[in-house]
Amino acid sequence: NSVKAFAPATVANVACGFDIFGFAIEEPGDVVELRRRDEPGIVITDIFGDEGRLPRNAEKNAVTVVMLRLLEHLGIQDFGCEVVLHKNMPLGSGMGSSAASSVAGVVAMNELLGNPLTRQELLPFAMEGERMASGSAHADNVGPSLLGGFVVIRSYTPLDIFTIPVPEDLYCTLVHPDIEINTKDARFILRNEVSLKNTIAQMGNVAGLVAGLMKADYELIGRSMVDVIIEPVRSILIPEFNAVKQAAISNGALGCSISGSGPSLFALSRGMESAIKAGNAMQQQFAAAGIESSVHVSAI
Ligand code: HSE
């Protein structure tokens, strides 16, 4: 009558793949606990780690809205449970914070109901959490948080999403500066038109990144981690972006870009030692500008 679910942080976009690439890291991640209660209704009893900032109303929180939609879909009425959310990552960080809550929430509810749906089938519900949190139902955070690994979203309508293998020695360094960026705002500033020249460059990099990951060609992965469309616009919101990116690359990272909608930066490296070295250099570069940051190194 009670369950607990964990959902990891994720890196969306992965440089060239705006809204179509994302991967999960090992930690941090959000944890949701559910307990049945006799009275109907989904009630948020506690949220830890949000400094009181997230809504306690079940219809307005990404962790519970997904549960309500799932119950509706299954035609279950008068269901009662208490929800406790442990937020283990900062809000507005570019680490897929709302996605981790939605995924942990929908996975926990599915389990409490005896797992009527597969993980793949839970995806549209988790995406509704993203729609509520950011105004757009993108799947590049919820997809990898739910399915694990490196995810490609080939199409949204109809939804066509799958995972691809990554080389064994590929590590991610995620550096979160103590700044907040709202995904809604970071999407609003993007232009709707893209030039043919930039489309060609971006398509080449998308193809190169997929091929590099699948062939374990680290050089190709690095060369393909280039975003000519989104990064030039969004990087303006991140102080020291160019210097921190340069610090990662000159300290051995294969490539470096914005994680999701920022302000976190991520780098990919071959081997854990290299990923740690890049993280130290990135953190020092932020520190030189008086910006505190936290570093997470993880296999993908
Ligand atoms: N693809 C989304 C965006 C991810 O960049 O807006 C948000 O984390």
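When the residues of the stretch 128-150 are filtered to those that are buried (at least 19 other Cβ atoms within 10 Å of the Cβ), hydrophobic (A, V, I, L, M, F, W, C) and within 12 Å of the ligand (Cβ to nearest atom), the one that is farthest from Ala7 (Cα to Cα) is Ala133.
Regarding the stretch 14-33, can at least one residue be identified that is in a helix (DSSP H, G or I) and within 15 Å of the ligand (Cβ to nearest atom)?
So in the stretch 14-33, the residues in a helix (DSSP H, G or I) come out as none.
Checking the stretch 14-33: not a single residue is in a helix (DSSP H, G or I) and within 15 Å of the ligand (Cβ to nearest atom).
Screening Ser274 with (1) surrounded by fewer than 24 Cβ atoms within 10 Å (Cβ to Cβ); (2) part of a helix (DSSP H, G or I); (3) touching a helix residue (DSSP H, G or I) at 6+ places or on another chain (Cβ under 8 Å) gives one miss only, at (3). Among the residues of the stretch 212-227, those that are surrounded by 14 or more Cβ atoms within 10 Å (Cβ to Cβ) and more than 22 Å from the chain's Cα centre (by Cα) comprise Ala216, Asp217, Tyr218, Leu220, Arg223. Of all residue pairs spaced 6 or more apart or on separate chains, those with beta-carbon atoms under 7 Å, a first member in the stretch 83-105 that is under 10 Å from Val63 (Cβ atoms) and a second member that is of a type in the set (D, E, K, R) and within 13 Å of the ligand (Cβ to nearest atom) are Ser98/Glu130; Ser102/Glu130. The set of residues in the stretch 72-107 being in contact with a helix residue (DSSP H, G or I) (Cβ under 8 Å, 6 or more places away or on another chain), closer than 30 Å to Ser294 by Cα and not in a loop (DSSP other than H, G, I, E, B) consists of Val83, Leu85, Ser98, Ala99, Ala100, Ser101, Ser102, Val103, Ala104, Gly105, Val106, Val107. Within the stretch 123-151, residues that are closer than 14 Å to Ala62 by Cβ and among the polar types (S, T, N, Q) reach partners that are part of a loop (DSSP other than H, G, I, E, B) and within 12 Å of the ligand (Cβ to nearest atom) with beta carbons closer than 9 Å, at six or more positions or on different chains, in the pairs Ser134/Asn182; Ser134/Ser261; Ser136/Asp19; Asn141/Met95; Asn141/Gly96; Asn141/Gly260; Ser145/Gly96. Considering Ser264, Ser235, the condition of being within 19 Å of Thr10 (Cβ to Cβ), within 20 Å of the chain's Cα centre (by Cα), of a type in the set (Ser, Thr, Tyr) and within 16 Å of the ligand (Cβ to nearest atom) is satisfied by Ser264 alone.
Here, each number is a calculation from the coordinates, and none is a lab measurement. Worth saying up front: this structure is predicted, and the values here are computed from it rather than measured. Virtual Cβ from ideal backbone geometry, glycine too; neighbours counted across all protein chains shown.
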